[in-house]
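What follows is a set of notes on a single structure, which appears directly below.
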Amino acid sequence: MVAAISIDPLASLPPAALVDAATLGAHYGVSGSTIYRRRCYKPDTLPKAIKLGNRVRWRVADVIDFDERQAATPDATENAEYKKAGKGNHEGVAA
């Protein structure tokens, strides 16, 4: 059996490079369509986008900063999984 090797598409790009939704999706393990949908309906789940005419791009440096901030948030993964399950945001809810 051959193990799958995951290569981050952003690893070889300079920080100032701009990436499209498909590349950002590959970084996060989702489709480009999901990236566009999240940009519209769940903008807090993605780094800030840059609009270039009718195109949307993300700066590699912004993606890296966003990922680091998300990793530093103690329950970011838990909240993301909870939201993904369609349960909404459970922050501030008494247990």
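Of the residues that sit in the stretch 66-95 and are open to solvent by less than 70 Å² (accessible area, probe 1.4 Å) and not small (Gly, Ala, Ser), which one is modelled with the lowest pLDDT?
So, considering only residues that are open to solvent by less than 70 Å² (accessible area, probe 1.4 Å) and not small (Gly, Ala, Ser), the one modelled with the lowest pLDDT is His90.
If you take the residues in the stretch 29-56 that are buried (at least 16 other Cβ atoms within 10 Å of the Cβ) and touching a residue at least 24 places away in the same chain (Cβ under 8 Å), which one is farthest from Asp8 (Cα to Cα)?
For the stretch 29-56, the residue satisfying everything is Val56.
Every residue in the stretch 14-27 that is surrounded by 15 or more Cβ atoms within 10 Å (Cβ to Cβ) and part of a helix (DSSP H, G or I), please.
Ala21, Thr23, Leu24, Gly25, Ala26, His27
The values are calculated or read from the model by the stated rules, or taken from the named source; none is laboratory data. These numbers come from a predicted model, not from an experiment. Every residue, glycine among them, receives a Cβ derived from its backbone with ideal geometry; neighbour counts consider all protein chains shown. Ligands, DNA and RNA are stripped out before the accessible areas are found, and what is left, the full protein with its side chains, is counted by its heavy atoms. Shrake-Rupley method; radii C 1.70, N 1.55, O 1.52, S 1.80 Å.
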